[in-house]
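**Q** Take a look at this one; I'll ask things after.
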Amino acid sequence: MSSTLPDLLDAWRAADSRSVLTGRLPLSSLPRLRPLLLDSAGDVAFRLAFSRDEEQRAVLYGEVTASLSLRCQRCLEALDYRVDGKMALALVTGLDEGRLLPEKYDPLLVSERLIRPRDLIEDELLLGLPQIPMHDPDACGTDIRQMAEDQDQARKPNPFAVLAEFKRK
Ligand SMILES: [Zn+2]
């Protein structure tokens, strides 16, 4: 077990040796996430566990948790949003291989053996962000009549959320 996160990692070797990486990263060190945050203080806790599954497939199970400071799109005030992401990835060397995976895995395309663990953590956080960040209606600082209208909107299922859920299964 290691608490340091290498920039680059030999994914196949990590799977063979069943490496587990745990630790925390500052949110401010994630360049794609950072512009989406109201405040980039704080960090993300991660656990990345590499292994071989029962069919000797190289796999990676990961968990990332973070409390993100977003801007509520209704009242424009700060909104604390918790992301609790889980990944189940199978390492593949080509897209054809990816298509043959069991449903429980998402493919992780690995070229030249190497992956950037930091990118995986950031991807998972980005995937966990809401389409439109908003407070719960009773915690939101916006006008009450406006709130009732927005609530009606919010009851309709968001087609993108449904898609994202489908993709993750
Ligand atoms: Zn709000």
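The values are calculated or read from the model by the stated rules, or taken from the named source; none is laboratory data. None of the values given here were measured: they were computed from a predicted structure. Cβ: placed from backbone, ideal geometry, glycine included. Neighbour counts: every protein chain shown. Protein only, heavy atoms only, side chains kept; ligands, DNA and RNA dropped before computing areas. Shrake-Rupley method; radii C 1.70, N 1.55, O 1.52, S 1.80 Å.
**Q** Could you state the accessible area per residue of the stretch 1-40 in Å², with a 1.4 Å probe and every protein chain left in place? Mind showing how you got there, number by number?
**A** Numbers: 2420 Å² over 40 residues.
That works out to 60 Å² per residue.
**Q** Find which of Ser17, Ser40, Ala88 sits farthest along the positive direction of the dipole of the stretch 1-114, computed with +1 on the beta-carbon of Lys and Arg, -1 on that of Asp and Glu, about the Cα centre.
**A** Toward the positive end, the furthest listed residue is Ser40.
**Q** What span do the alpha-carbon atoms of the stretch 1-98 cover on each of the three principal axes, reported in whole Å from largest to smallest?
**A** 51, 31, 20
**Q** While we're on this one: Please express the shape of the stretch 83-122 as an equivalent ellipsoid: the semi-axes are the square roots of 5 times the eigenvalues of the C-alpha gyration tensor, given largest first in whole angstrom.
**A** On the way: eigenvalues 67, 46, 6 Å².
Output for the stretch 83-122: semi-axes of 18, 15, 5 Å.
**Q** Name the shape class, rounded, prolate or oblate, that the alpha-carbon gyration tensor gives for the stretch 1-56, where a ≥ b ≥ c are the square roots of its eigenvalues, rounded holds for a/c under 1.5, and otherwise prolate holds if a/b is larger than b/c and oblate otherwise. Intermediate values should be presented prior to the final figure.
**A** On the way: a/c = 2.88, a/b = 2.57, b/c = 1.12.
Taking the square roots of the gyration eigenvalues as a ≥ b ≥ c, the stretch 1-56 is prolate.
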